[in-house]
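Step one of this worksheet: look at the structure below.
The values are calculated or read from the model by the stated rules, or taken from the named source; none is laboratory data. Only a predicted model underlies this, so the values are computations on that prediction, with no experimental measurement involved. Because the Cβ atoms are built from the backbone with ideal geometry, glycine has one as well, and the counts that use them run over all protein chains shown.
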Amino acid sequence: MDSREKIKQDLAASIRAQTRAVIDWHGAVPDNIDTDAADPAEKLLKLVLAQHLMNFILWHAEDVARRKDVDASVIADCKYRIDTFNQKRNDAFEIVDEYLVGRLNRFPPPLSGGRERHNTESLGMAVDRLSILALKIYHMDEQTKRADVDEAHRQSSAAKLAALEEQRADLEQAVYDLIDDFCNGVKRPKAYRQYKMYNDPGLNPQLYGKK
């Protein structure tokens, strides 16, 4: 039976999987993540990893986009890829949001306080931030082990790594606390839409104005 603790456990497993995936995908990047699953824990895991994959691809595309030693056409193509995967990234964390809200709404408690209260950040948005933190931690850890830099660089990177790990721990705990708030009726879970306009030919004037 689903419960707040089960949702927390499933989310914790998915967050741990983000860290493992960063390591694994530096060996071989999957083309996609199949999100079909009947089991709630497996379903959430797959949805979180599908969103994480978009951040992984975006991270490395952004690195390429900063290069100065390649042809302009390479950078232009990279920028198009960044736009495409950024849209997919947003779509993916909205799906995570909808799935978690669906599970939380199965046992809504009476609302405490007499009015609906909402969080400034949804669970899906927090999962997205945890995904990015997993990437930052992996790459900052690399900086602490470089042999081609001085000790000051490694020490500075180690201090930043410690700060990033603390931030991830704080954010993860805040996510579990928010689930408690939802289940205790302190706040109401809600999924939010980003409505990115720049990729929509019907909403971006630079696109529909050129027809």
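Numbers at a glance
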| quantity | calculated |
| --- | --- |
| Cross-chain or 6+ apart pairs with Cβ under 7 Å, the range 153-181 first and in a helix (DSSP H, G or I), then at pLDDT below 95 and surrounded by 15 or more Cβ atoms within 10 Å (Cβ to Cβ) | L178/N119; I179/R4; D180/R4; D181/K187 |
| Residue, modelled with the lowest pLDDT, within the range 9-45, restricted to residues that are among the polar types (S, T, N, Q) and under 16 Å from the mean Cα position of the chain (by Cα) | N32 |
| Pair list, Cβ < 9 Å and 6+ apart or interchain, from the range 199-210 residues that are in a loop (DSSP other than H, G, I, E, B) to residues that are of a type in the set (F, W, Y) and exposed (fewer than 12 other Cβ atoms within 10 Å of the Cβ) | D200/Y208; P201/Y208; G202/Y208; L203/Y195; N204/Y198 |
| Filter pass, D148 being surrounded by fewer than 19 Cβ atoms within 10 Å (Cβ to Cβ), among the charged types (D, E, K, R), part of a loop (DSSP other than H, G, I, E, B) and at pLDDT 95 or above | yes |
| Residues located in the range 164-211, provided they are in contact with a helix residue (DSSP H, G or I) (Cβ under 9 Å, 6 or more places away or on another chain), under 30 Å from Y80 (Cα atoms) and of a type in the set (G, A, S) | A191, G202 |
| Subset of the range 51-62 (residues that are farther than 19 Å from K8 by Cα and either at pLDDT 95 or above or among the aliphatic types (A, V, I, L, M) (or both)) | L53, M54, N55, F56, I57, L58, A61 |
